[in-house]
Amino acid sequence: MDARERFSEFLAGQGYTGGVPAAFFQHFGPGIRHGQAALDAQLDFFEATGMDMVKIMFDDIYPQIPGIHSPTDWARIPTFRRSDPVFTQQIDLARQVVERAGKKAYVFQTIFTPYVSAGCSVSGLVDWDEIISPHLLLDPEAVCAGLQNICGVLAGFAQDLAATGIDGFYVSVQGGERARYPRSFFRQWLKPIDLAFLNALRSTGKLVFIHFCGVGMRLEEYLDYPGDVVNLAVHGNGVSLAGAAGLFRRPVMGGLDNTGVICTGTEAQIRAEVERTLRAAPAGVMLGADCTIPREVPAEHLRWAVEAAHAFRG
């Protein structure tokens, strides 16, 4: 059974005939985001881990936005063309990944919500929210005008990506953490933009795989987010895989702590943790992690976990 067949069983929810599907992800270095280096990195990682889907990383995220000094500046940001290299280089990469791997695995393109994209356009990936988050609190109307602009640009980008033959989008969502904004604020300002963006992705006819990124999330606020598959951190959100499946009522991926045994354990410990996790999980889940695995973790650790999932017969 190949990766595409195993993932198809996951989507169908009709039971597994070749073990539990599994996938884990890592960010790649800044020097291998584009061109042949990026293509090699994506395909080598897929082959080295033996996982059951390809998730194309996209750490450029959005073109850099100049001149953001105050919240009001967001209302006047430029509308980037679909011909911007940030977009065209990723489209070229997606097309090549589909050509090389699309017959044996589902290919998902990573993409970020307008809120996260905006943050990364003015800050680094690690500290992406240091400007956008306080600006949104200070002048939500002006900042959301900018987010709507970004939403439109990303919707066009998604149409171009869909034309490459990818199977779907892997969408990173943030903003609904309890510690970030009051519930009423999130509902009024961020949630409508998230929903508009997700509906734009769905309009391409491709699958939408939602990753709720973070801990302390108000998961109940996300139950109506349109998507085909959900991944979230079970560690830090007070929910089990069974609980997540019951809440979202769609296929769920996850189970392992992305900073836990899979990073530091021996082969025997990693395989035992997979076994323990899957025995406690409901049928039909896909093994994954709370979030990306640190870059320094060897690919063989991920392969051990994938192999243990494939061998599992609950």
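The values are calculated or read from the model by the stated rules, or taken from the named source; none is laboratory data. Quantities reported herein were computed from a predicted structural model and do not represent experimental measurements. Heads up, the Cβs are rebuilt from the backbone with ideal geometry, glycines too, and the neighbour counts pull from every protein chain shown. These accessible areas exclude ligands, DNA and RNA; they are computed on the full protein's heavy atoms, side chains included. Shrake-Rupley method; radii C 1.70, N 1.55, O 1.52, S 1.80 Å.
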Flag if ALA75 is outside any strand (DSSP E or B), open to solvent by 10 Å² or more (accessible area, probe 1.4 Å), among the small types (Gly, Ala, Ser) and in contact (Cβ under 8 Å) with a residue 60 or more places away in the chain | yes
Would you check if ARG250 is within 17 Å of ILE210 (Cβ to Cβ), part of a loop (DSSP other than H, G, I, E, B) and not aliphatic (A, V, I, L, M)?
-> yes
If ILE68 satisfies every condition in (1) crowded, with 16+ Cβ neighbours inside 10 Å; (2) free of Cβ contacts under 8 Å to residues at least 40 places away in the same chain but one, which is the exception?
-> (2)
Index of the failed condition, ILE293 passing every other in (1) out of contact with any strand residue (DSSP E or B) (no Cβ under 7 Å at 6 or more places or on another chain); (2) farther than 17 Å from SER172 by Cα; (3) open to solvent by less than 50 Å² (accessible area, probe 1.4 Å) = (2)
Test for THR49: is it buried (at least 21 other Cβ atoms within 10 Å of the Cβ), of a type outside the set (A, V, I, L, M) and within 13 Å of PHE157 (Cα to Cα) | no
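Yes/no matrix, rows are residues, columns are (1) charged (D, E, K, R); (2) closer than 24 Å to TYR106 by Cα:
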| position | (1), (2) |
| --- | --- |
| TRP189 | no, no |
| GLY205 | no, yes |
| GLU221 | yes, no |
| ASP228 | yes, yes |
Helices (runs of 4 or more DSSP H) completely within the stretch 78-157 that count 3 or more residues being under 19 Å from the mean Cα position of the chain (by Cα) and not charged (D, E, K, R) = 85-101, 114-122
Could you count how many residues in the stretch 1-36 are open to solvent by 40 Å² or more (accessible area, probe 1.4 Å), in a helix (DSSP H, G or I) and either hydrophobic (A, V, I, L, M, F, W, C) or more than 22 Å from ALA94 (Cα to Cα) (or both)?
-> 3
Out of the residues in the stretch 230-244 that are of a type outside the set (S, T, N, Q) and surrounded by fewer than 21 Cβ atoms within 10 Å (Cβ to Cβ), state the one that is farthest from PHE108 (Cα to Cα).
-> GLY238
